[in-house]
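Notes follow once the structure below has been shown.
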Amino acid sequence: MTDDGTTESTTDDWHRVDAPRADGSREWEVFLRDAPDDELTHAGSVSAPSADLAHEQATTLFGHAAATIWLCPTDETRRFSRRRLGAAHDDTDGQTPDRPTPAGGDAA
Amino acid sequence: MISISKLLHGLDAEGDGLRYDAADENDRDQIRRQKQRRPVVVWNATKQCNLACEHCYAAAEFERAPGELSTAAAKGLLDDLAEFGVPVVLFSGGEPLLRQDLVELVDYATDAGLRAVLSTNGTLLTPDRVRRLQTAGLSYAGVSVDGRRATNDAFRGREGAFDAAVRGMEACLDAGLKTGLRYTITDATAPDVEGVVDLLTDVGVDRFCFYHLDYGGRGIPDADVTPDRRREAVERICELTTAYHERGEEIETLLVGNYADAAFLVEYARREYGPDRAERVRRYLEVNGGDPAGERVADVDYQGNVHATQFWQGYSLGNVRDRPFGAIWTDDSNPLLGALRERPTNLSGKCGDCGYRDICRGGSRLRALGVEGDLFAPDPQCYLTERERTAPAVVDTGGTAAD
């Protein structure tokens, strides 16, 4: 993985976006369909430790607007994009990858 | 964000353009027809923090979390925000001063045309760091202090945090950097409001932002004050503001995170100053636009996930590594964004027929979700009386607001 959270792809212009999106709990991509003849659309992601709880959360957020809800674990989803965030910028200075932990730090 | 000092005492301030669309001329009677079009964006630049605050919405930790945007990716995000026309980027955390590239990113943001402001616990604000941030273009530093010394240090999990934060504020003020207090109202901190304001005005602080707890991260309902105690605290802050202004000290006081405050201020103005002042307050608040979630405020977390507010970390609209911020924010196919923006027409229960739903917009949908499990349910922290909620407009009924 590169510093901008992408991996080089063998296909021209395409990059796999494999920076983590989960924060403490598992993340689930949400897909919705409003009516049987509507497209299935991506509607973001919810954080939940299990599929059942993810479904509960997604239903709470989108139950009013969806007849179909699909959930896909984010860490099982391969994301590819021609977009590379910050590609125009040099990453050789500034934020270092492994700065020290401030535990016990300097508040006092 | 609701300015008590502006609404009750006519104090103009730099941020009024974002709260009342009065940016072109700070005329207290000016009302514009259009609300702010692009959101203020909170960017949680890191999840890492040197403190362990009890109610941290970001659930920050001592360790640096995986997936943090690199310097280059962060600049790409700032490019996106500037291109979309975002007026302000708030560097937050975790503790943003733990990012070694913060000065570089503030400099980049301001060069891109963004107004860069900082939300910090203040403990890492040294005179040198402040000078470099100011040179980079930082406009404002909001420093979190929650209660007097003992209360704050217990809340933040670190003895000495209060004194370090005050030193940080002094460093900002000595450098001439606009500096304000961020203060969360909880059971523990509510009694300390007056003491902290008095202490910090002696230091030179003149801007005080009081936050109501929203239910994200470690901010859970059990930690919150009751609606009755909240109302008392808000009224005391109004009285405190008035006392300062009456003796010629023009402090700026603001309320954040509970738009029952908007209705309360109309009622307070009617009770204390009469119907004409109440009508003027109401008109300002109509332009202000009520709870801003999903519309006038947005959040991008340390991994690039976009959220409807900084407190709503459990649901992400998308990630800026995949799509530009503006594309995510204007995606009309997202039903949650639509629901947030269609308020107040979709609110239920006591919010559905509240006479103040136009200036409150149902308050926090996150609190409604957290307590009721219903996106459209009433905000459990609304503290208005039934009589206030059923008031159709600002008229002098001859009664008192708190009947």
Tell me the residue from A:ASP37, A:ASP12, A:ASP90 that is more than 17 Å from B:GLY304 (Cα to Cα), assigned to a loop (DSSP other than H, G, I, E, B), free of Cβ contacts under 8 Å to residues at least 60 places away in the same chain and within 11 Å of another protein chain (Cβ to nearest Cβ), please.
A:ASP90
Report yes if B:GLU95 is closer than 30 Å to B:ALA154 by Cα, crowded, with 23+ Cβ neighbours inside 10 Å, within 13 Å of chain A (Cβ to nearest Cβ) and without any contact (Cβ under 8 Å) to a residue 60 or more places away in the chain, otherwise no.
yes
Evaluate the following for A:LEU53: is it over 17 Å from the mean Cα position of the chain (by Cα), at pLDDT 95 or above, surrounded by fewer than 19 Cβ atoms within 10 Å (Cβ to Cβ) and of a type in the set (A, V, I, L, M)?
yes
Looking at segment B:54-64, which of the residues that are within 7 Å of chain A (Cβ to nearest Cβ) and over 13 Å from B:ARG156 (Cα atoms) is surrounded by the most Cβ atoms within 10 Å (Cβ to Cβ)?
B:ARG64
For segment B:104-115, state whether one or more residues are closer than 17 Å to B:GLN310 by Cα and touching a helix residue (DSSP H, G or I) at 6+ places or on another chain (Cβ under 9 Å).
no
Can you list residue pairs whose Cβ atoms sit under 7 Å apart, with the first residue in segment B:79-92 being farther than 16 Å from B:LEU138 by Cβ and in contact (Cβ under 8 Å) with a residue 40 or more places away in the chain and the second being in a helix (DSSP H, G or I) and not hydrophobic (A, V, I, L, M, F, W, C)? Count only pairs 6 or more apart in sequence or on different chains.
B:ASP80/B:GLY326; B:GLU83/B:GLY326; B:PHE84/B:GLY326
Look at B:SER348 and say whether it is surrounded by fewer than 24 Cβ atoms within 10 Å (Cβ to Cβ), over 21 Å from the mean Cα position of the chain (by Cα) and more than 7 Å from chain A (Cβ to nearest Cβ).
yes
Here's a check for you: in segment B:360-392, which residue that is over 20 Å from the mean Cα position of the chain (by Cα) and basic (Lys, Arg) is farthest from A:PHE62 (Cα to Cα)?
B:ARG387
Checked B:VAL281, B:VAL225, B:VAL287, B:VAL266 against criteria (among the aliphatic types (A, V, I, L, M) and part of a loop (DSSP other than H, G, I, E, B)); the one match is B:VAL225
Assuming B:PHE155 fulfils every condition listed in (1) closer than 27 Å to B:GLN313 by Cα; (2) in contact with a Pro (Cβ under 6 Å, 6 or more places away or on another chain); (3) among the hydrophobic types (A, V, I, L, M, F, W, C) apart from one, which condition is it?
(2)
Per the list (1) of a type outside the set (Val, Ile, Thr); (2) outside any helix (DSSP H, G or I); (3) under 14 Å from the mean Cα position of the chain (by Cα), residue check on B:ASP261 breaks on (2)
So which residues in segment B:108-121 are surrounded by fewer than 19 Cβ atoms within 10 Å (Cβ to Cβ) and not aliphatic (A, V, I, L, M), if there are any at all?
B:THR110, B:ASP111, B:GLY113
Would you mind finding the one in B:LEU124, B:LEU90, B:LEU105 that is buried (at least 23 other Cβ atoms within 10 Å of the Cβ) and either touching a Lys or Arg at 6+ places or on another chain (Cβ under 7 Å) or at negative phi (or both)?
B:LEU105
For the list (1) within 13 Å of chain A (Cβ to nearest Cβ); (2) assigned to a helix (DSSP H, G or I); (3) modelled with pLDDT under 95, I need the number of the one condition that B:SER333 fails.
(2)
So if I check each of B:LEU69, B:LEU81, B:LEU51, which one is touching a Phe, Trp or Tyr at 6+ places or on another chain (Cβ under 7 Å), at the interface with another protein chain (Cβ under 9 Å from one of its Cβ atoms) and of a type outside the set (Gly, Ala, Ser)?
B:LEU69
Residue check, B:TYR284 out of contact with any Asp or Glu (no Cβ under 9 Å at 6 or more places or on another chain), of a type in the set (Phe, Trp, Tyr) and either over 30 Å from B:PRO66 (Cα atoms) or modelled with pLDDT of 95 or more (or both):
yes
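The values are calculated or read from the model by the stated rules, or taken from the named source; none is laboratory data. Quick caveat: nothing in here was measured; it's all calculated off a predicted structure. Positions of Cβ are backbone-derived with ideal geometry, glycine not excepted, and every protein chain shown enters the neighbour counts.
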